[in-house]
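The values are calculated or read from the model by the stated rules, or taken from the named source; none is laboratory data. As the structure is a computational prediction, the values presented were derived from the model and not from experiment. Ideal geometry is used to build each Cβ from the backbone, glycine not excepted, and the neighbour counts take in all protein chains shown.
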Amino acid sequence: MCAGILRAEREYERQVKIYGSTDKYDEMQKMSLSELTKLNKMVSDMIQEKREKESKDVKFSLKVGDIVSVNDKKSKEDIFEVVKLNRKNAVIKDELGVKYNCPYSLISII
């Protein structure tokens, strides 16, 4: 078999695993570039709105003295205490007393 056909079959199988069927994928294949660009913009905007909403939910539920964790690679398992709540960031401190400015979007309440 030709390598191009094998690649196409693998892509088809991957789409079936992702979407459960290829109906949506087939519909997207038929869309023009401008339609795909509009769809991409709508999805990007929706993702941004959801992230902002989650960040605001965390911000309004935090109080000084709360114990939190940070969703970050470097401090994944560290525990922090909220020291101050600013407009965009919270000031948190670790067990050693070192203070950090952290955006609300990275904070999880324990």
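Is the stretch 22-38 home to any residue that is surrounded by 14 or more Cβ atoms within 10 Å (Cβ to Cβ) and not hydrophobic (A, V, I, L, M, F, W, C)?
yes
Do any residues in the stretch 46-75 that are without any contact (Cβ under 8 Å) to a residue 24 or more places away in the chain have Cβ atoms under 6 Å from those of residues that are hydrophobic (A, V, I, L, M, F, W, C) and surrounded by 12 or more Cβ atoms within 10 Å (Cβ to Cβ), where the two are at least six apart or on different chains, and which pairs are they?
Val64/Val82
Which condition does Lys93 not pass, out of (1) surrounded by 10 or more Cβ atoms within 10 Å (Cβ to Cβ); (2) among the basic types (Lys, Arg); (3) under 19 Å from the mean Cα position of the chain (by Cα), if it passes all the others?
(3)
Does the stretch 75-93 include one or more residues that are modelled with pLDDT of 90 or more and among the aromatic types (Phe, Trp, Tyr)?
yes
If I ask for residues that are acidic (Asp, Glu) and within 23 Å of Glu52 (Cα to Cα), which ones from the stretch 62-77 would you list? Reasoning before the result, please.
Just the residues of the stretch 62-77 that are acidic (Asp, Glu), to begin with: 66, 72, 77.
Correct list: Asp66, Asp72.
Just give me the residues in the stretch 61-73 being within 16 Å of Lys99 (Cβ to Cβ) and not in a strand (DSSP E or B), in sequence order.
Leu62, Val64, Gly65, Asp66, Asp72 - these are the residues of the stretch 61-73 that are within 16 Å of Lys99 (Cβ to Cβ) and not in a strand (DSSP E or B).
Val58 - would you say it is surrounded by 13 or more Cβ atoms within 10 Å (Cβ to Cβ), in a strand (DSSP E or B) and of a type in the set (A, V, I, L, M, F, W, C)? Give the steps one after another, and end with the answer.
Working: surrounded by 13 or more Cβ atoms within 10 Å (Cβ to Cβ): yes; in a strand (DSSP E or B): no; of a type in the set (A, V, I, L, M, F, W, C): yes.
Answer is no for this residue.
Only residues that are of a type outside the set (Val, Ile, Thr) and in contact with a strand residue (DSSP E or B) (Cβ under 6 Å, 6 or more places away or on another chain): list them for the stretch 46-70, please. Quick ask: steps written out before the conclusion?
Quick first cut of the stretch 46-70, residues of a type outside the set (Val, Ile, Thr) only: 46, 48-57, 59-63, 65-66, 69.
The answer is Leu62, Asp66, Ser69.
Out of all the residues in the stretch 78-105, which are assigned to a loop (DSSP other than H, G, I, E, B) and either of a type in the set (S, T, N, Q) or within 18 Å of Ser55 (Cα to Cα) (or both)?
Step one: filter the stretch 78-105 for residues assigned to a loop (DSSP other than H, G, I, E, B), giving 78-79, 86-88, 94-98.
Listed by number, the residues that qualify are Asn86, Arg87, Lys88.
Going through Val83, Val98 one at a time, which residue ends up being of a type outside the set (D, E, K, R), surrounded by 14 or more Cβ atoms within 10 Å (Cβ to Cβ) and free of Cβ contacts under 8 Å to residues at least 24 places away in the same chain?
Details: Val98 fails: surrounded by 14 or more Cβ atoms within 10 Å (Cβ to Cβ).
Just one listed residue meets the conditions, Val83.
When you check Ile67 against the structure, is it surrounded by 14 or more Cβ atoms within 10 Å (Cβ to Cβ), β-branched (Val, Ile, Thr) and more than 30 Å from Gln15 (Cα to Cα), yes or no? Quick ask: steps written out before the conclusion?
Details: surrounded by 14 or more Cβ atoms within 10 Å (Cβ to Cβ): no; β-branched (Val, Ile, Thr): yes; more than 30 Å from Gln15 (Cα to Cα): yes.
No; evaluated as a whole, the condition is false for this residue.
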